[in-house]
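For reference, the structure discussed in these notes is given below.
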Amino acid sequence: MWSFDPTISSAVRASSAPAPARQPSPQGPLANDLLERIDRYWRAANYLTIGQIYLQANPLLRQSLRPEQIKPTRPVQALA
């Protein structure tokens, strides 16, 4: 039998032992270290997204960017 463990967001094999008591969530703002890590993750994810949208190859810019690596764009048509 399986059950869902919200502390690890995953299914775990159910056991006959009682589940450990959950610790209460901290209240208030996040620690500065955690905010900095989230910000770095957010920036990296956005960078990769833009690379996937606009670049045909070399999204991590391991080589110098060349014009032929950029995807062609369609002109925006005015709304009627």
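Laboratory data are not the source of any read-out in this text; all were calculated from the coordinates shown. Just so it is clear, the model here is predicted, and its values are computed rather than measured. As a convention, Cβ positions derive from the backbone with ideal geometry for all residues, glycine included, and neighbour counts pool all protein chains shown.
Near the amide H of LEU55, within less than 5 Å, lie the amide hydrogens of LYS71, all on another chain or at least 5 residues away, with H placed in the peptide plane. Label-to-label distance, ARG66 versus ASP39, with points set 7 angstrom from Cα along the beta-carbon direction: 3.7 nm. Here the Karplus curve 6.51 cos²θ - 1.76 cosθ + 1.60, taken at θ = phi - 60°, turns the phi angles of the range 38-44 into couplings of 5, 4, 4, 4, 4, 5, 5 Hz, with x standing for Gly and Pro.
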